[in-house]
Structures are given as C-alpha cells and as structure tokens.
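Comments concern the structure below.
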Amino acid sequence: MTFGFTKRTGVTWANFLSDAARADEAFRHDLEGVQGTAHQVLMDKLSALAATYSPERYLDELRTGTPPARHMPHVAAFGRPDGVAAVTEFAPSIVRSGDTVQVCGGGKRLTFHERAEPSLRALLSGHPVYLEGAPDDVITLADLLITEGLCEPLTELSSSGYTGLVTPVTYSKQLPTSV
C-alpha cells in the first residue's frame with residue numbers, strides 16, 4: 001500500500017493566484033489585443049494580488065477553509081456514538097480571546113465559551129476520543145462538532161484505523177470521596 005502526502009509548493013500558490021486572478025475582469029481580456037500600458041496594469045495587479053495573498057495567507061486559508069472529505073452521515077436515531085474523531089483535512093486552529101475560544105477549520109468558524117477549550121482540544125486533537133464516562137457537556141460538544149462536520153462518530157471500522165498509531169482519549173467518572 002502506498003500513501004501520498006501532498007506538499008504545497010510555489011506552483012500550488014501560483015495556481016491559487018491564477019484562480020484568484022480570474023475574479024478580476026482585467027485578467028480575462030485578450031493579451032494580444034491590448035497595448036503596453038494595459039500589460040503594465042496586469043503586472044501591477046498581479047503583483048498586488050501576490051502581496052495580498054502571500055504564501056503564508058494562502059496556507060492559512062487553505063488549512064482553515066478546506067472542508068472535510070466526504071464521510072458517512074451520522075444518524076442520531078441510532079443513538080449517541082461511543083467515540084468521535086476529528087475529520088478535518090488540517091488540524092483546526094483553536095484560539096482563545098478573552099472569555100471565548102474560536103475554532104477555525106473545515107471551512108467553519110465556531111465560537112465557544114472558554115470553559116470548552118480543554119474539551120475542544122481533546123475532541124479536535126486527531127486522536128480517537130471515547131465518550132464512555134465523559135461529562136454531559138463533553139458529549140454535547142461532541143454532538144455539536146459532529147453536526148458541524150468537524151468530527152465524525154467512531155465506528156468499529158474507523159476506530160481500527162487508529163489502533164497502534166495514536167493514544168486514544170478516554171474519560172472516567174471520578175469516584176465520590178466521603179467526608
């Protein structure tokens with residue numbers, strides 16, 4: 001079995017700039033029928049486009065804007081999943097700002113209360129997260145991330161894909177202490 005890892009290169013950035021240039025009508029005119037000043041306008045516009053969409057910005061937008069690949073839809077009628085895993089093509093960014101946490105990934109931008117940050121980091125870690133014993137708020141958050149398409153329920157088959165590769169996240173209920 002062969003795995004292919006896509007590397008982003010200057011050519012993929014140039015292709016992105018080419019796609020972005022198509023939105024400007026000036027780039028859709030015949031080059032042979034225009035005068036020298038029009039050529040300079042095109043070069044200036046392309047330079048401005050490259051400055052606006054630097055390679056860093058291109059990569060950031062690629063990582064946050066690429067939707068997850070197609071997955072089997074979750075049917076809530078079958079009950080709550082035993083576990084979940086993130087399915088975004090790139091690791092979502094999780095940024096705290098004041099008392100909120102913003103998650104950007106899979107073409108989504110979601111905002112949560114800061115209390116959700118530890119659970120978000122676990123659920124979006126790329127590791128399988130088994131929900132047995134998890135607090136209700138973690139299960140609710142997992143359901144929301146499934147609905148938003150950032151996570152998918154683990155099935156027996158998908159769970160086997162993680163076996164031996166990553167450490168799963170598990171929850172256990174704390175035993176009450178007597179006073």
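Every number in this text was worked out from the coordinates using simple rules, so none of it is lab data. All figures in this text were calculated on a predicted structure; none of them were measured in a lab. No Cβ is skipped: glycine too gets one built from the backbone with ideal geometry, and neighbour counts run over all protein chains shown.
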For Leu131, residues with placed amide H under 5 Å, excluding near neighbours: Gly83, Val84
Ordering of 82-89, 114-121 by packing [mean C-beta count within 10 Å, highest first]: 82-89, 114-121
Per-residue HN-Hα couplings for the stretch 136-148 [Karplus 6.51, -1.76, 1.60; θ = phi - 60°; Hz; x = Gly/Pro]: 4, 5, 5, 5, 4, 5, 4, 4, 5, 5, 5, 4, 7
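Would you mind computing the Rg to Rh ratio of the stretch 109-149 from its alpha-carbon coordinates, Kirkwood style for Rh? Intermediate values should be presented prior to the final figure.
Working: Rg = 9.7 Å, Rh = 10.6 Å.
Over the Cα atoms of the stretch 109-149, Rg/Rh equals 0.92.
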Arg115 paired with Thr6, simple spin-label distance in nm, labels 7 Å along Cα-to-beta-carbon: 3.9
Highest average packing first - 141-148, 45-52, Cβ atoms within 10 Å: 141-148, 45-52
In order through the stretch 124-134: 3J(HN,Hα) via Karplus (6.51 cos²θ - 1.76 cosθ + 1.60), integer Hz, x for Gly, Pro: 9, 6, x, 8, x, 10, 8, 8, 4, x, 6
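Please give the contour-minus-distance gain from Phe27 to Ser93: 0.36 nm per residue of separation, less the Cα-Cα distance, rounded to one decimal in nm.
Working: separation 66, 0.36 × 66 = 23.76 nm, distance 3.40 nm.
Contour length minus Cα-Cα distance gives 20.4 nm.
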